[in-house]
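Input: a single structure, listed below in structure tokens.
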Amino acid sequence: MKLTQNDWIIIVAYFVLSLGIGLVYTRRAGRSVAEYFLSGRHLPWWLAGTSMVATTFAADTPLAVTEMVARHGVAGNWLWWNFVMSGMLTVFLYARLWRRAGVMTDVEFIELRYAGRAAAFLRGFRAIYLGLLMNSLIMGWVTLGMAKVIGLSLNIGKLEATFLCLGITAFYSLLSGLWGVVVTDAVQFVIAMVGAIALAVFALEVVGGMSGLMARLPEHFGSVEAAIAVWPGWGSAWLPVETLLVYIGVQWWASWYPGAEPGGGGYIAQRIFSTRDERHGVLATLWFNIAHYTLRPWPWILVALSAVVLYPHLRTTDPTALYVRVMVDHLPPIWRGLLLASFAAAYMSTIATHLNWGTSYLINDFYRRFVRPSADERHYVYVSRVATGLLALISVVVTLNL
């Protein structure tokens, strides 16, 4: 993809803005681990909720949604829409209880609920398993998706793309803690959504608008209804009603998935812990679920349907590349830079959260609990910053080996 000088100005300006926000909050984050990991429990609901939405908007998320829509139509999104059941349970039951618990992490809650050496072991085990092992895999997977986008757009190698993606994010994350993460999340979410909506508009223009899209969908899906139906239908071959009921009735509570843990958990719980009070915790979670499930996916869905019409051969050979192909082939100058910045924003919001959240487990639930339980706050903040940098390096290694 050829970038003009104006495209590069937009991209560089975005990175400078992200770094600037991180530097602004560096001193505040250094006061204590509560400031570093929970923003001092002073976040308003709209900022905490927007941060949740931004975190679940990774660079590979529109690629994954595009693949689902390309294969199964709009109804293919039920493969992840089923997690809304968990989200509603969190809003109306668990969010208030999480905030009332007064803990720093959901892993710490284990020793409030249970007692003895077994509870301590479980807390330490989950801190390492989730904060280091699972977290590194997740960041590696997300970084791989971003590296693919950067590689196709700028024609650079996987190694260079990986270090470019992770370097800036890790730098402002380790300096500014959760304050810098959530404020940049809000900015990044706006940029990412503007880019996604712009791409949807340009994609629709290429296929002749909504009427042109509707006229050409039957060639690829058999009928318009098969492409745009929100519900898969009782006679669906790819998702029979029995399987759909398993997703809706069982899957969401029987599996662990970042951002959709049954009843809340992980970085969703971290944002709830960071809010001003129980009311703000509930409102933050409600806003997150509304934006996550009902607002954010539709620009991606429109791009996916348009991409199937434009590149029908990729529907079966490489459906995840459809979104990037539309971006590379049909965006005019300036908008290319904005969309690349929006991809970077989506990626950085996810990685920054995973770095801060994973480090909170490693420091609060392992290091502070078992290694150095009596050090001062400045020591824990220093170790947290070191651990954030090391976690970023580990995720680089994981990315390069995926």
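For each of 329, 185, 106, count neighbouring Cβ atoms within 10 Å of the residue's Cβ, then give the residues from fewest to most. It would help to have the intermediate numbers written out before the result.
On the way: 329 13, 185 29, 106 25.
Ascending number of Cβ neighbours within 10 Å: 329, 106, 185.
Between the residues 334, 324, 370, the greatest Cα displacement towards the positive end of the dipole of the stretch 309-392, with unit charges on the Cβ of Lys, Arg, Asp and Glu, is found for 370.
Under a Gaussian network description of the chain, with springs only between Cα atoms under 10 Å, the residue in 218, 232, 258 that fluctuates furthest is 218. Annotation: the residues 23, 112, sorted from fewest to most other C-beta atoms within 10 Å of their own C-beta, follow the order 112, 23.
Just to confirm a number: summing +1 for Lys and Arg and -1 for Asp and Glu over residues other than residue 34 whose beta-carbon lies under 9 angstrom from that of residue 34, what do you get? Don't skip to the end; give the middle numbers.
Numbers: positive: 31, 41; negative: 35, 377.
Around residue 34, the surrounding residues sum to 0.
Relative to the Cα centre, the charge distribution of the stretch 113-186, modelled as +1 at Lys and Arg Cβ and -1 at Asp and Glu Cβ, gives a dipole magnitude of about 440 debye. Both radii come from the Cα set of the chain: Rg as radius of gyration, Rh as Kirkwood radius; their ratio Rg/Rh reads 0.98.
Going by how many other beta carbons lie within 10 Å of each one, how would you line up 318, 365, fewest first? Mind showing how you got there, number by number?
Numbers: 318 14, 365 27.
Listing 318, 365 from fewest to most nearby Cβ atoms yields 318, 365.
Could you give me D for the stretch 93-145, from Stokes-Einstein at 25 °C and 0.890 mPa s, where the hydrodynamic radius is the Kirkwood radius over C-alpha pairs? Units µm² s⁻¹, please.
Working: Rh = 12.6 Å.
Reported coefficient: 194 µm²/s.
All other residues with a Cβ under 14 Å from the Cβ of residue 194 taken together, and with Lys, Arg as +1 and Asp, Glu as -1, what is their net charge? Computed value for this residue: +2. With distances taken between every two different alpha-carbon atoms, the stretch 208-329 has a Kirkwood hydrodynamic radius of 17.5 Å.
Comparing 359, 105, 243 in a Gaussian network model of the chain, where Cα atoms under 10 Å apart are tied by springs, the biggest mean-square fluctuation is seen for 243. Entry note: the stretch 10-108 has Rg to Rh equal to 1.06, where both radii use alpha-carbon atoms and Rh is the Kirkwood radius. Add -39500 (n - 2.57) for each DSSP H run of 4 or more in the chain, then divide by its residues: what number comes out at 222 nm, to the nearest 500 deg cm²/dmol? -22000 deg cm²/dmol, from helical runs alone.
I need the per residue convex hull volume for the stretch 291-381, using only the alpha carbons, in cubic angstrom as a whole number.
Details: hull volume 14.8 nm³, N = 91.
Cα-based convex hull of the stretch 291-381, divided per residue, equals 162 Å³.
Calculated on C-alpha atoms, the gyration radius of the stretch 78-199 divided by its Kirkwood radius gives an Rg/Rh of 1.04.
Quick note: the coordinates plus some simple rules give every number you see, no bench work behind them. No experiment lies behind these values; they were computed from the predicted model shown. When we count neighbours, we look across all protein chains shown, and the Cβ atoms used for this are built from the backbone with ideal geometry, even at glycine.
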